[in-house]
1. I'd like the full set of residues that are assigned to a loop (DSSP other than H, G, I, E, B) and loosely packed, with under 12 Cβ neighbours inside 10 Å, limited to the stretch 136-148.
2. Please determine, by comparing only the residues of the stretch 367-381 that are closer than 10 Å to Asp73 by Cβ and not in a strand (DSSP E or B), which one is nearest to the chain's Cα centre (by Cα).
3. Test of understanding: among Val384, Val320, Val345, which residue is at pLDDT 95 or above and within 32 Å of the chain's Cα centre (by Cα)?
4. If a residue must be acidic (Asp, Glu), farther than 24 Å from Cys111 by Cβ and assigned to a strand (DSSP E or B), how many such residues does the stretch 175-210 contain?
5. If I ask for residues that are over 25 Å from the mean Cα position of the chain (by Cα) and assigned to a strand (DSSP E or B), which ones from the stretch 161-174 would you list?
6. If we only count strands (runs of 3 or more DSSP E) wholly inside the stretch 253-315, which ones have 3 or more residues that are in contact with a helix residue (DSSP H, G or I) (Cβ under 9 Å, 6 or more places away or on another chain) and touching a residue at least 24 places away in the same chain (Cβ under 8 Å)?
7. Test each condition in (1) within 30 Å of Val345 (Cα to Cα); (2) assigned by TED's automatic domain parsing to the domain that holds Ser212 for Glu138 and report the one that comes out false.
8. Tell me whether the stretch 142-155 contains one or more residues that are among the hydrophobic types (A, V, I, L, M, F, W, C) and touching a helix residue (DSSP H, G or I) at 6+ places or on another chain (Cβ under 6 Å).
Amino acid sequence: MKEGKAEYFVAVDIETKEEIYVKVIPPQPEGDDLGGITEEEKEKIYKNEEELGNKITKFYASNQGETHITDSDNGKIQNMMLYGKSSQDGTPSLENPVEIKSVVNPVIKICGKNLFDSKKFPIILNRAIDTNTGKIYESLSGNYCAIEKYIPFPYSGKKVSFNASMTLCAYDKDYKFINTVNRNNGQVPTGTMYVRFDIKTEEKDKAQIELSENATTYEPYKEQTIQLPVTLNAIQVSSGGNVTINGQQYVADYVDVEKGKLYRKVKRINLKDFSNERVTHGFHSNGNGYLSYPIIGKRDSKPISNLYIGSKWTNESGYVYIPNDSSIVFVDDRFTDKETAIKLVQDTYAIYELSSQTEEDLSIEQIKSLKLLSTYYPVTNITVGSEQLDGYTVFNYPISMENGWNYVKQQLNDNRDYIYDMDLQSAEAYVNSEYAVTLTELEVWLCYIKHYWNLKRETV
């Protein structure tokens, strides 16, 4: 009850805990006629209805790392986790260093079903594309127009749909033409990093590329982006990782949006940054020299390096290991003395697992921006690109009411509409899910019942 005013129905925003006061309306005639209510009061009533309806709890599902979501509703993303990744294109050796790539300055981009941004990549009139070479040429007929810029397209191997009059060409990382995208199956060639296209002039304002086997109604391009100025590293492990990506476990740095924290599980070191006084030189029993650097790492975990192969322990040349929580050791038969050894590793770096994770606060602006990220109805595409490797994200997203019940049945692997022949556990899950659906619908309709049904209350 709000003192000093007529009685109100109090609704509470589940996310913000903010109270919304909906005025209780005396019994009204049937239909939409709110006899006796002023236009100003009607406007307030409808506004309260809309606000309350937008704040009702939605069904939420987890994307589980999926970047193409086909059952999303308009609404805020929740519980987002952003994980790092690291990889090497080959095995390093003393003769052939191999760069370690990680998630560097990741950009989170969310868009709707249309993948083509006409504002960023304008269509040029009187241009066409050669299907044999992928080159753009001048077309004097005026029937076609084309994109001259290369459009980043991280959907290699995926299937897409596009306008019937569009010719879509694929290119590799060096902008070399691969092939046209087959319209019949929509298969994007393996190795595709960029695309360009031409299209009939009369269709240029409704150009659409989408991740779908069948083309759907045109939708204008929609996008949200945020970049984080961080590097997220990771190490592959056989067990005990904090994230699994494409079947591979990683001990990975990660961002927890809800907590507003960046957590470090691994650390990168550059050997040239250590003062000589902190470095220990010695020899193994087989005569191979070693350098030991002070760190706080996890004993017996396998580090990775651009020059040395990670190991739990070895005295063989060309390897690196962590014998205890306070040191990392590089073994090299060229380490004849300390001065020579230090000169040889000036360009060496390594990534290793920390004995315990550390945390850093995100800025207030970063937290706000991340928490404003939302999905689109009915399709949402999300990517986490970076200067080196793509990141990996897991989050909860709202699904539309019409997909809610289907989602529940999918989780139960049951397409039946009624409960029968179920074991106790499945029956309980089924009933609880149905109860959640009913409760959500009840919350939506409760305000309408309070408005229009015969609730006689005295004015305070």
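1. Leu140, Ser141, Gly142
2. Tyr376
3. Val384
4. So the count comes out to 0.
5. Passing the criteria: Thr167, Leu168, Cys169.
6. So the answer is 289-294.
7. Failing condition for Glu138: (1).
8. Scanning the stretch 142-155 turns up at least one residue that is among the hydrophobic types (A, V, I, L, M, F, W, C) and touching a helix residue (DSSP H, G or I) at 6+ places or on another chain (Cβ under 6 Å).
The values are calculated or read from the model by the stated rules, or taken from the named source; none is laboratory data. Everything numeric in this text was worked out from a predicted model, so none of it was measured. All Cβ positions, glycine included, derive from the backbone under ideal geometry; neighbour counts span all protein chains shown.
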